[in-house]
């Protein structure tokens, strides 16, 4: 707040009242301007920085039936010891999985495979099968799960 000095206290006669300001006030306008510019910069660059896995999330209410041949790959609980997986009902070694899936995908129009994994299978083992499927030319891999009340 400005201080008002009277003519008698200032030592000068004839000038009347003089207003002096203190230099301790902070001008916040440039600070606000800089903060708004930084906010805009972060808002523009934040979506560019985010990297992640593209996921096709299913829509529950308006889901359509899957048409065509569905290929299911099942990873059983004993996968770590036996290294065996199932394509449909056929049990095969994981070493030949890539070639079998490649053969199935040559004639399929929709290159999608549904991956089912037992609850006891380690995440790393599921990712090993997932990588083999991608290496076989599968464009999309769907993970199959049960609803809480299903058997």
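In units of the rule-of-thumb radius 2.2 N^0.38 Å, region 71-144 shows an alpha carbon radius of gyration of 0.99. Spin-label model, residue 77/residue 141: points 7 Å from Cα along the beta carbon direction are separated by 2.3 nm.
Among 39-48, 103-112, 73-82, sorting by the average number of other beta carbon atoms lying within 10 angstrom of each residue, highest first, gives 73-82, 103-112, 39-48.
Quick note: the coordinates plus some simple rules give every number you see, no bench work behind them. Keep in mind it's a predicted model, so treat the numbers as computed, not measured. Cβ sites come from the backbone with ideal geometry, for glycine too, and all protein chains shown count toward neighbours.
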